[in-house]
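One structure is given below, encoded as structure tokens.
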Amino acid sequence: MATLVKLRPVIDRLGKCGLPVRFYQFVEQRMAVERGGSDQDEVGGLFTNTLKLSPETLAGLTADVPGGASQHAVHTMFHEGTHAYLILKKADPEVARLLMYGREHYRNTRLEDGSLAKDPDRITHEAAADYVGGRAAGWWEARVDMTAARRDLPPPEDALLRQIGEIVNAVRKIPQRYNKKMGEAVFGYQQGIFGNQIHTKVRIPARLKEFCDRVILEGKIPDDFRRVKAFEKDYLELLKLVKPLEVAPRLKRGA
Ligand SMILES: [Zn+2]
């Protein structure tokens, strides 16, 4: 017997943290969510589609880490949610046009093993799912890093030189890492005859990226860290806390 999963509390919590979850609320109201087998994260089924999340993913979504979910679990959850959303919306004219466009875009393109793409529909689906999953995870990573830095910041008078350097560095690197992650552009794969994944070498088409950014990600995960509204206040505050620490080592050396 399949075990149904109540995903709503997780969706609500991630939404409160600032992640775009409107599309997930839509999915959750229309598709059964079940606990899959080990490593079984997928959307499938003979007659009606079911969203399956593995015990590993479900555990990661309620893990005892900052924010209450691991980056990897957020990636998987958003990846599968995107498949589910596109399946539920496939009759919607915009989605139908987009999927057709994707098919033409990836048809007969080169794959990583040198062969030509035979399943452009699958590649389109996987490209959208991986794009959305990757961005949600990258956003989540930045959020978690900011929370962790804040928690670990010592008061200036107690701070050890090495400790300060590490934290200041970590804080400075948050935007850099975010921007690098959001600059990734190649996503999607088709299944090989052994069930293996053969990845595409082709960039995600601008139209598919634009749709994912606007409709699924609600414009909340832009390419540039400085344009993430949800981070603005928190990051400025963090920089303010870090500033006096950056001065501290120089004072110590001078002493
Ligand atoms: Zn997938």
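Whether any residue in the range 86-97 is in contact with a Phe, Trp or Tyr (Cβ under 6 Å, 6 or more places away or on another chain) and within 28 Å of residue 16 (Cβ to Cβ) is what I want to check.
Taking every residue of the range 86-97 in turn, none turns out to be in contact with a Phe, Trp or Tyr (Cβ under 6 Å, 6 or more places away or on another chain) and within 28 Å of residue 16 (Cβ to Cβ).
Taking residue 177 as the residue in question, decide whether it is assigned to a helix (DSSP H, G or I) and either touching a strand residue (DSSP E or B) at 6+ places or on another chain (Cβ under 6 Å) or touching a residue at least 40 places away in the same chain (Cβ under 8 Å) (or both). Taking the combined requirement at face value, the residue does not satisfy it. Within the range 1-17, can one find any residue that is within 16 Å of the ligand (Cβ to nearest atom), closer than 24 Å to residue 220 by Cα and part of a helix (DSSP H, G or I)? Within the range 1-17, not a single residue is within 16 Å of the ligand (Cβ to nearest atom), closer than 24 Å to residue 220 by Cα and part of a helix (DSSP H, G or I). Checking the structure you have, find out if any residue of the range 204-220 is outside any helix (DSSP H, G or I), hydrophobic (A, V, I, L, M, F, W, C) and free of Cβ contacts under 8 Å to residues at least 24 places away in the same chain. No, the range 204-220 contains no residue that is outside any helix (DSSP H, G or I), hydrophobic (A, V, I, L, M, F, W, C) and free of Cβ contacts under 8 Å to residues at least 24 places away in the same chain. Within the range 104-133, take every residue that is of a type in the set (Asp, Glu) and within 11 Å of the ligand (Cβ to nearest atom) and give me the one that is surrounded by the most Cβ atoms within 10 Å (Cβ to Cβ). Applying the filter and picking the extreme gives 126. Among the candidates 27, 43, the residue that is within 16 Å of the ligand (Cβ to nearest atom), of a type in the set (Val, Ile, Thr) and in contact with a His (Cβ under 9 Å, 6 or more places away or on another chain) is uniquely 43. Restricting attention to the range 46-75, the residues being away from the ligand (no atom under 16 Å from the Cβ) and charged (D, E, K, R) number 1.
The condition (being modelled with pLDDT under 95 and of a type in the set (Gly, Ala, Ser)) is satisfied by just one residue among 137, 127, 149, 206: 149. Those residues that are assigned to a loop (DSSP other than H, G, I, E, B) and in contact (Cβ under 8 Å) with a residue 24 or more places away in the chain, I need them from the range 108-138; list them, please. Within the range 108-138, 109, 112, 113, 115, 117, 118, 119 qualify. Out of curiosity, is residue 109 over 30 Å from residue 236 (Cα atoms) and of a type in the set (Ser, Thr, Tyr)? Judged against the criteria, residue 109 is a match.
All conditions in (1) crowded, with 19+ Cβ neighbours inside 10 Å; (2) free of Cβ contacts under 8 Å to residues at least 12 places away in the same chain hold for residue 29, with the sole exception of (1). Checking the stated criteria, residue 189 turns out not to satisfy the condition of being surrounded by 22 or more Cβ atoms within 10 Å (Cβ to Cβ) and within 16 Å of the ligand (Cβ to nearest atom). With respect to the conditions (1) within 16 Å of the ligand (Cβ to nearest atom); (2) surrounded by fewer than 21 Cβ atoms within 10 Å (Cβ to Cβ); (3) under 20 Å from the mean Cα position of the chain (by Cα), residue 214 lacks only one, and its number is (1). If you go through the range 68-120 and keep only what is among the hydrophobic types (A, V, I, L, M, F, W, C) and in contact with a strand residue (DSSP E or B) (Cβ under 8 Å, 6 or more places away or on another chain), you end up with 77, 84, 87, 111, 116, 117.
Meeting the requirement of 1 or more residues that are more than 14 Å from residue 6 (Cβ to Cβ) and among the small types (Gly, Ala, Ser), the strands (runs of 3 or more DSSP E) wholly within the range 26-72 are 42-44. Mind checking which residues of the range 85-103 are without any contact (Cβ under 8 Å) to a residue 40 or more places away in the chain and either outside any helix (DSSP H, G or I) or within 16 Å of the ligand (Cβ to nearest atom) (or both)? Correct list: 89, 90, 91, 92, 99.
The values are calculated or read from the model by the stated rules, or taken from the named source; none is laboratory data. In this text the structure is predicted, and so the values were computed from the model without any measurement. All Cβ positions, even for glycine, are placed from backbone atoms using ideal geometry, and neighbour counts span all protein chains on display.
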